[in-house]
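Reviewing the structure listed below.
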Amino acid sequence: MKKRWTISVGVAFIAVLAHIETIGYWFVTSDILALTVSSRAATINGVIDIFTQPLMAGTSFTNNALFYRPLMSLSYTLDYALWGLDPTGYHLTNLVLHSVAVALSVLVVNAITDLETGSLAGLLVAAHPLTAEVVPAASRRDSVLMSVFLLTALFMLVRGRQRDSRWLHVGSVAAYAFALLSKELSILFLGLAFMWVVFGELDVEDSTSQNIVLTVWTALRYLIPFILVSVAYVGVRVAVLGGLGGYDQTRPLTLDTVFEIVTKYVMSIAYPQDIISALIGVVGLDPLRILGGLLGVFALVMFGLAIRRPHHMGALALATVAGGIGSLPFVANLLNRFGVKIVLDYYTPQPMALGGLFVVSLAVGALIALLAFSQRRFAGTDWQPFAFFAIWFISPIPLFLLSGAYTVRNGYFFLIPAMGLVALMLTTAIRSIDLDARELDASVALTVIAAVFVLSLSVTSPLVHEYDGWHTSGETNRATLTALKDARVDAPNNATVQISKMPANVRTHRQAFPQVHSLSYAQKFTVESWLRLHDSDSRVTVRISKFFMLPRTPTGATAATKRKNGTTRVDIRYTY
């Protein structure tokens, strides 16, 4: 037990190292100040109010969306009480929560599999590029906070079932309730808990209808407290929001939308940075075509070996991967000339097409290698961790489709099953390698395939790259909002502040690699919240005439104001 906890703390420390530079960032994203101003509470009644109002109540954000996340808001209440408007504290809170989530991922995967697999999965989560989209942004704490509580609930559930502990069962229910109050996506835990109990109770040797019904009934009885908590949560949510909430407008569900959402979700975890296009830009297509040709020859040799000796499934798996990766430079050349169109009217950009081919090649090769494993290898309950991680990974897709969108912050919690699957494949394959086998063992192939995937993530890990787009966002927001403060932009209540233009991006960041894909800059409700934080009586309406792209990160800004016909007009000029 001591070894398990020591490793968890060590992996959590690595997670901190991956994002330690965020401590020095200013406020990033557009909604952190709105979250702060709406979460301030100086009394107990103020804290209670947080549980009776929607997220960002009192800001213009609620005109477009209604969410109920009181524990998320309460975390900003504590931040503001401790740190005021010093962004260091907000980033520190995010970093601590992320490290706890990573440590819990080690414990959860270990409880489901073993310590080696859990340790590797935790390392992969700590080093994954997707974390660079979430951890530096204090406003995306909902996903991290939800993950901490859900992982706690899952850990207690698994250990509680293994030890038949009523107290761990109670603790799991409580953690689940906290997760629901952090983010509504937590409702998916009901399905995960159900599947885990079913897997534990189901006897594959006696899969009669009577046994299946009894297993399902046992699972449902065990989940009664979780179901009651879910019903209570939905009731409170409806009472507070006047409905289920969400965004005012959702996209119609078409084949194009389905393809786009599923692709974005999978690619954000399996191919978060476009390393192929970056490699083409650095090396050029001609050298890569030579390498691709060599991989193609290797694929043909492996394929021929698989045909001559059907037991050489490892050769077929490697042929699939080598052929797919070897074709990438040639496909890139075709895309440069003709473009690509996939699924009705949804156009797939070149990076997505190349990345998709890379991921599909690895996935198909891994599947062939897994299917080639002997029945002995997957006898008894050996298949259960694979199945559970797979179900966990695909479980959010229906909700993403119902909402009509996928945002990268929602992928954070689902890194754990994805990296758990990769770690489980790698450790299982290594343990199963037969050095005395005369044919190319499928375990060797699976080891190579998993290693290639891990390498593709490692080269763009936040442990290696700083992802300083967040620094750019923070400094741009600092320049804009400080200029407004220094110019003493004020207006009577219910008056209008008209800003001529504000930055929506910075050109130098768009040219960086690797880069953050989900940066956001100050919006109208950001400015309104900033003014209220410096004058609690401020109730002005901000309008922005247009957004533009800055050439590079500004070092400062000045704002000129002019009042006309009851409107305060502001012109911001940036210095570099």
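The values are calculated or read from the model by the stated rules, or taken from the named source; none is laboratory data. Keep in mind the model is a prediction, meaning the values are calculated, not measured. Don't worry about glycine lacking a Cβ; one is built from the backbone with ideal geometry, like all the others, and counts go over all protein chains shown. Side chains included, ligands, DNA and RNA excluded: accessible areas come from the protein's heavy atoms. Shrake-Rupley method; radii C 1.70, N 1.55, O 1.52, S 1.80 Å.
Can you confirm whether region 25-39 contains a residue that is part of a helix (DSSP H, G or I) and surrounded by fewer than 16 Cβ atoms within 10 Å (Cβ to Cβ)? No; the residues of region 25-39 include none that is part of a helix (DSSP H, G or I) and surrounded by fewer than 16 Cβ atoms within 10 Å (Cβ to Cβ). Under the condition of being within 16 Å of the chain's Cα centre (by Cα), β-branched (Val, Ile, Thr) and outside any helix (DSSP H, G or I), the residues counted in region 382-441 number 1.
Within region 526-543, being in contact (Cβ under 8 Å) with a residue 40 or more places away in the chain and part of a loop (DSSP other than H, G, I, E, B) holds for Asp535, Asp537, Ser538, Arg539, Val540. Residue pairs whose Cβ atoms lie under 6 Å apart, separated by 6 or more positions or on different chains, with the first residue in region 273-298 and farther than 18 Å from Gly323 by Cα and hydrophobic (A, V, I, L, M, F, W, C) and the second surrounded by fewer than 16 Cβ atoms within 10 Å (Cβ to Cβ) and modelled with pLDDT under 85, are Ala278/Phe513.
Can we say Phe378 is open to solvent by 30 Å² or more (accessible area, probe 1.4 Å), over 17 Å from the mean Cα position of the chain (by Cα) and either within 30 Å of Thr29 (Cβ to Cβ) or at pLDDT below 95 (or both)? So Phe378 fits the description; yes.
Going through (1) at pLDDT below 90; (2) assigned to a loop (DSSP other than H, G, I, E, B) one by one, Thr460 falls short only on (1). Scoring Gly46 on the criteria (1) of a type outside the set (Lys, Arg); (2) within 25 Å of the chain's Cα centre (by Cα); (3) surrounded by fewer than 22 Cβ atoms within 10 Å (Cβ to Cβ); (4) assigned to a helix (DSSP H, G or I) leaves a single failure, condition (2). When region 68-102 is limited to residues that are open to solvent by less than 20 Å² (accessible area, probe 1.4 Å) and under 19 Å from the mean Cα position of the chain (by Cα), the one that is nearest to Glu475 (Cα to Cα) turns out to be His91.
For region 307-321, which residues satisfy the criterion of being of a type outside the set (Lys, Arg) and open to solvent by 20 Å² or more (accessible area, probe 1.4 Å)?
Passing the criteria: Ile307, Pro310, His311, Met313, Leu316, Leu318, Thr320.
Restricting attention to region 239-256, the residues that are touching a residue at least 12 places away in the same chain (Cβ under 8 Å), in a helix (DSSP H, G or I), closer than 27 Å to Met56 by Cβ and out of contact with any strand residue (DSSP E or B) (no Cβ under 6 Å at 6 or more places or on another chain) add up to 1.
Looking only at residues in region 530-542 that are touching a Ser or Thr at 6+ places or on another chain (Cβ under 6 Å) and of a type outside the set (Val, Ile, Thr), the one that is surrounded by the fewest Cβ atoms within 10 Å (Cβ to Cβ) is Arg532. Check whether at least one residue in region 481-493 is modelled with pLDDT of 90 or more, assigned to a helix (DSSP H, G or I) and open to solvent by less than 40 Å² (accessible area, probe 1.4 Å), and report yes or no. Taking every residue of region 481-493 in turn, at least one turns out to be modelled with pLDDT of 90 or more, assigned to a helix (DSSP H, G or I) and open to solvent by less than 40 Å² (accessible area, probe 1.4 Å). Among the residues making up region 239-272, those that are farther than 17 Å from Arg409 by Cβ, within 25 Å of the chain's Cα centre (by Cα) and exposed (fewer than 15 other Cβ atoms within 10 Å of the Cβ) are Leu244, Asp248, Gln249, Thr250, Arg251, Pro252, Leu253, Thr254, Leu255.
For region 544-573, the candidate set comprises residues that are open to solvent by 90 Å² or more (accessible area, probe 1.4 Å) and assigned to a loop (DSSP other than H, G, I, E, B); within that set, the residue that is modelled with the lowest pLDDT is Asn565.
How about region 1-16: which of its residues are assigned to a helix (DSSP H, G or I) and open to solvent by 90 Å² or more (accessible area, probe 1.4 Å)?
Lys2, Lys3, Trp5, Val9, Phe13
Scanning region 507-525 for residues that are open to solvent by 30 Å² or more (accessible area, probe 1.4 Å) and not in a loop (DSSP other than H, G, I, E, B) turns up Arg507, Thr508, Arg510, Lys524, Phe525.
Listed by first and then second residue, the pairs with beta-carbon distance under 7 Å, at least 6 apart or on different chains, first residue in region 549-576 and without any contact (Cβ under 8 Å) to a residue 12 or more places away in the chain, second open to solvent by 50 Å² or more (accessible area, probe 1.4 Å), are Lys562/Arg569.
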